[in-house]
Every structure is written in structure tokens, then in C-alpha cells.
Amino acid sequence: MSRDRPSLDRALLGALAPDRVPGVSVEVVDELTSTNAEVVARARAGAPEGLVVVAEHQTAARGRLDRVWETPPRSALLFSVLLRPTAPTRSWPWLPLLTGYAVDKALKARGYDAGVKWPNDVLIGERKVAGILVERVETPDGPAAVVGVGLNVLLDADELPVPTATSLVLEGEETPDRSDLLVDLLSTFREAYDAWQAGGDLGGMRLLESYSAACVTLGRDVRVELPGGDALVGRAASIDPGGRLVVDGPDGETPVGAGDVVHVRPVA
């Protein structure tokens, strides 16, 4: 079907009040191969924390494990955020989980039945509505993190990349305003990121509790597909302090990190 897909409001996004989304500078571009690739290059050139690049269309967007996907122009929210965390690098594996939690929280506030699939996919019901890719970048100013988010907003059923995906327009709102939604997402993300940065171990434990409450993977029987074709089958028991999924299988509890898995699928 033909659907009206307005462009993002560049004036609104370019003039976000500091009290709404502090420390954020948004740039909207018509087309890029990948917002993550653009922000990685900008990070190496010295761009400050808080740079957000949003593309109306990506021609070679990347997900985890270099999976490539594409959506019709102006049908999704496709953006990347540059971070220069002061938190210890040992805690950086929490960044993709933190991002998934923030997207989930923003969608729940709008009435969607959202949840986080470990480590960082956001679902509505059992269908994926958003994916996240976080990359660590070495720069002359020290290590940085680039957080990329792809959220399906105005895709119709015949435009979804896979049968297990969905979009916001298929799940509730008739025509979600992408500009307002992006402001909500950035505000929620910044709040969670600042709390994680400032909270030390206590902040980390609070994030662990909040993420675990939102994680629909926990309590389910899962099959964790590992590189090389091996698999771990068991009950998703908990998230450990390092952000790893703890699977209670035949050999007891085994923690697995996001970088160590190919897929995590529920077992019927």
C-alpha cells in the first residue's frame, strides 16, 4: 500500500533544548551507506560525545556479525550516537544492553507491548522491531563507542526484512511521528547512559535489575548457537554483572557473552 512518509523535522531535531536532551547534537542526512560508519569516521576525526547522525535512508546498514539490511526511505529511525564513556572499559559490554533497555522503555511509555531479547534486540510480542549495533573505536582522543539503532516505524508487512520482524505502524499507532519518537528515544537513552556513567557499581546493579525485568529471554528454554556450529541448550536463568546471559544447561550454569553467540532462539 502507499503510505505517507514525512521527512524528519530537521529544525526540531537541530534545536533540541539542553534541558530535554543534554549534550546531544543531531544531524539529519538524506542517505548514507551506514550511520555507524559515518560516526566511526567522525569519532576518529575528533568529534565530541553526543554527536547523533540520522539517515532517512541507508544503503548498506550493518547489524551484529556484519549482517546487512535495508529499509525504504523515511520508513524507519536509523541513527548512531557517539559516546566517549568515562566508565571503566570492563563495563562497556553493558552499552548494547543499556541501549536496548532505553529503546524498550521509550516504546513502553508509548503503550507498546515491548520487551528486550538478550542481548539487545527489541521486540513487540515475539517480533523484532529494533536492532542495535555497538562498536568500540580507537581514536586519537582515546577509545570511543558508536551506538547504532535501527527501529522499524512505518514499514508495511510486505516491506519487512524477515517474517519475524514488525513495525510500530503495524502494532499500534496509525502514523507515528518519527521526529517526536527520536526525541523520546534520545532523551530516554541519555538518562540511562548518564545514570550508568555516574552510578559506579551501584548504578550498574540498578541497570542489571532494570534490564533483567525488561528481558523476555529470561525464564525461557533457549538454544544458543555458537560460532563453529556448536549449541548450548538450557534455561535462560539470569543476567550476570558483566551483562552475560547465564544458561542453566546439562552441565550446570554457563555464562555467554554477546560477542560469543550467533543466535539465541527460544526452544518450543
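Taking segment 7-33, which residues are of a type outside the set (V, I, T), part of a loop (DSSP other than H, G, I, E, B) and modelled with pLDDT under 95? First the steps, then the outcome.
Taking segment 7-33 as the starting set, the residues that turn out to be of a type outside the set (V, I, T) are 7-20, 22-23, 25, 27, 30-32.
Those still in the list that are part of a loop (DSSP other than H, G, I, E, B) too: 7-9, 15-20, 22-23.
Answer for segment 7-33, where residues must be of a type outside the set (V, I, T), part of a loop (DSSP other than H, G, I, E, B) and modelled with pLDDT under 95: A15, L16, A17, P18, D19, R20, P22, G23.
Where residues in segment 132-143 are surrounded by fewer than 24 Cβ atoms within 10 Å (Cβ to Cβ) and within 16 Å of V81 (Cβ to Cβ), which of them is nearest to the chain's Cα centre (by Cα)? Steps first, answer last, please.
Step one: filter segment 132-143 for residues surrounded by fewer than 24 Cβ atoms within 10 Å (Cβ to Cβ), giving 133, 135-143.
Cutting the leftovers down to within 16 Å of V81 (Cβ to Cβ) gives us 133, 135-137, 139, 143.
Values: L133: 6, E135: 12, R136: 15, V137: 17, T139: 23, P143: 20 Å.
Going through the qualifying residues, I end up with L133.
Which number in (1) within 16 Å of the chain's Cα centre (by Cα); (2) under 19 Å from I124 (Cβ atoms); (3) surrounded by fewer than 17 Cβ atoms within 10 Å (Cβ to Cβ) marks the one condition that T188 misses?
Here T188 meets the rest and fails (3).
Do any strands (runs of 3 or more DSSP E) entirely within segment 196-249 hold 1 or more residues that are touching a His at 6+ places or on another chain (Cβ under 6 Å) and more than 15 Å from S91 (Cα to Cα), and if so, which?
Ranges flagged: 221-225.
Return yes when P119 is in a loop (DSSP other than H, G, I, E, B) and assigned by TED's automatic domain parsing to the domain that holds A45 and no when it is not. Spell out how you get there, then give the answer.
Numbers: in a loop (DSSP other than H, G, I, E, B): yes; assigned by TED's automatic domain parsing to the domain that holds A45: yes.
Yes; evaluated as a whole, the condition is true for this residue.
Might you check whether a residue that is farther than 26 Å from A17 by Cα and at pLDDT below 95 occurs anywhere in segment 187-194?
First, the residues of segment 187-194 that are farther than 26 Å from A17 by Cα: none.
No, because not a single residue in segment 187-194 is farther than 26 Å from A17 by Cα and at pLDDT below 95.
Search segment 86-131 for residues being of a type in the set (V, I, T) and either surrounded by 24 or more Cβ atoms within 10 Å (Cβ to Cβ) or touching a Leu at 6+ places or on another chain (Cβ under 9 Å) (or both), and hand back the single one that is nearest to S238 (Cα to Cα).
Our first condition is that a residue be of a type in the set (V, I, T); within segment 86-131, this holds for 86, 89, 99, 103, 116, 122, 124, 129.
Narrowing the set further to residues that are either surrounded by 24 or more Cβ atoms within 10 Å (Cβ to Cβ) or touching a Leu at 6+ places or on another chain (Cβ under 9 Å) (or both) leaves 99, 103, 116, 122, 124, 129.
On the way: T99: 19, V103: 21, V116: 14, V122: 18, I124: 21, V129: 23 Å.
If we take residues in segment 86-131 being of a type in the set (V, I, T) and either surrounded by 24 or more Cβ atoms within 10 Å (Cβ to Cβ) or touching a Leu at 6+ places or on another chain (Cβ under 9 Å) (or both), then V116 is nearest to S238 (Cα to Cα).
The values are calculated or read from the model by the stated rules, or taken from the named source; none is laboratory data. Given the structure is predicted, the values throughout are model-derived calculations rather than measurements. FYI the Cβ positions are ideal-geometry reconstructions off the backbone, even for glycines, and counts take in every protein chain you see.
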